[in-house]
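What follows is a set of notes on a single structure, which appears directly below.
The values are calculated or read from the model by the stated rules, or taken from the named source; none is laboratory data. Worth saying up front: this structure is predicted, and the values here are computed from it rather than measured. Cβ placement follows ideal geometry from the backbone for every residue including glycine, while neighbour counts extend to all protein chains displayed.
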Amino acid sequence: MGMSLRVSLIFAFAKGVPGTTLIHIELLEDGSGLTKSDLKGTVFPKRKTDEGYVLHPIEIAYLLFTGKGIAFYKEKELSFIDYIGWVLRKLEGCNCPLERTFWSMFTVYYDLRKRNRKVLVEVRRDGTLIEVRRDKWWTEYLVLEEGIVITVNDLLEWVEEVRANDLRGVVAVVDRNGSVTYYEASKVYLKGPDRPSVIDLLSSIS
């Protein structure tokens, strides 16, 4: 996502929502957060512990961005803008996919939540989102940025793994303007003279 779009998003949406019960989030050293709030349909935590619910950095950003949450680090409140700067510094040098894909992941997560989807972040593998329907994992979204190269073998491997887990596979591509296009992944088997070959097809669904 370009810097100009990031800035416009921040100033357009980083506002509280009047009358909303805010979710109190205590930030942890790894950039995630802990909340004791159990608001069904609002919080989709990574896991539950004795201390509360652990939230992924992408979900924390979403809650702050939409004015549904309030975050504290060592008793100091961080706004959405403060949190973004803080968590990106935490991710620097972590050698993890989120360091490179934070804005794309946030963009797709926000878009899905805006459509009233229940979404879990990176619960199965890095760089993916899981949509839950009727309390079951339903779709896995592989988040990519426009211009990022992924090999056919890597894509096929992901599709096979998703299908093996009885999930629908969707590739979400974020362009330089922050728009998201979704492609459903499917397979077509073409029988050759010696052995079958596999072609992966991506069909646009939005």
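Can you name every residue in the stretch 160-180 that is assigned to a strand (DSSP E or B) and farther than 26 Å from residue 136 by Cβ?
Listed by number, the list holds a single entry, 174.
Output yes when any residue across the stretch 88-105 is within 22 Å of residue 36 (Cβ to Cβ), in contact with a strand residue (DSSP E or B) (Cβ under 8 Å, 6 or more places away or on another chain) and of a type in the set (Ser, Thr, Tyr), and no when none is.
No.
Can you pull out every residue in the stretch 41-57 that is surrounded by 19 or more Cβ atoms within 10 Å (Cβ to Cβ) and in contact with an Asp or Glu (Cβ under 8 Å, 6 or more places away or on another chain)?
Initial filter on the stretch 41-57 (surrounded by 19 or more Cβ atoms within 10 Å (Cβ to Cβ)): 44-45, 53, 55-57.
Matches in the stretch 41-57: 44, 45, 53, 56.
Looking at (1) crowded, with 16+ Cβ neighbours inside 10 Å; (2) under 29 Å from residue 134 (Cβ atoms), which one does residue 31 not meet, given that it meets all the others?
Here residue 31 meets the rest and fails (2).
Restricting to strands (runs of 3 or more DSSP E) lying wholly in the stretch 52-94: which have 2 or more residues that are under 17 Å from residue 22 (Cβ atoms) and modelled with pLDDT of 95 or more?
Details: elements: 53-55, 69-73, 76-78.
Correct list: 69-73, 76-78.
Could you check the stretch 113-125 and list, in sequence order, the residues that are hydrophobic (A, V, I, L, M, F, W, C) and either under 12 Å from residue 59 (Cα atoms) or not assigned by TED's automatic domain parsing to the domain that holds residue 176 (or both)?
Going through the stretch 113-125, the residues hydrophobic (A, V, I, L, M, F, W, C) turn out to be 119-121, 123.
Once the filter is applied, which keeps residues that are hydrophobic (A, V, I, L, M, F, W, C) and either under 12 Å from residue 59 (Cα atoms) or not assigned by TED's automatic domain parsing to the domain that holds residue 176 (or both), the stretch 113-125 yields 119, 120, 121.
Just checking, does the stretch 124-143 include any residue being buried (at least 17 other Cβ atoms within 10 Å of the Cβ) and either assigned to a loop (DSSP other than H, G, I, E, B) or touching a residue at least 60 places away in the same chain (Cβ under 8 Å) (or both)?
Yes; the residues of the stretch 124-143 include at least one that is buried (at least 17 other Cβ atoms within 10 Å of the Cβ) and either assigned to a loop (DSSP other than H, G, I, E, B) or touching a residue at least 60 places away in the same chain (Cβ under 8 Å) (or both).
Out of curiosity, is residue 93 at positive phi, of a type in the set (Gly, Ala, Ser) and free of Cβ contacts under 8 Å to residues at least 40 places away in the same chain?
yes
Mind listing whichever residues of the stretch 79-94 are surrounded by fewer than 20 Cβ atoms within 10 Å (Cβ to Cβ), out of contact with any helix residue (DSSP H, G or I) (no Cβ under 6 Å at 6 or more places or on another chain) and under 14 Å from residue 31 (Cβ atoms)?
82, 85, 86, 88, 89, 90, 92, 93, 94 - these are the residues of the stretch 79-94 that are surrounded by fewer than 20 Cβ atoms within 10 Å (Cβ to Cβ), out of contact with any helix residue (DSSP H, G or I) (no Cβ under 6 Å at 6 or more places or on another chain) and under 14 Å from residue 31 (Cβ atoms).
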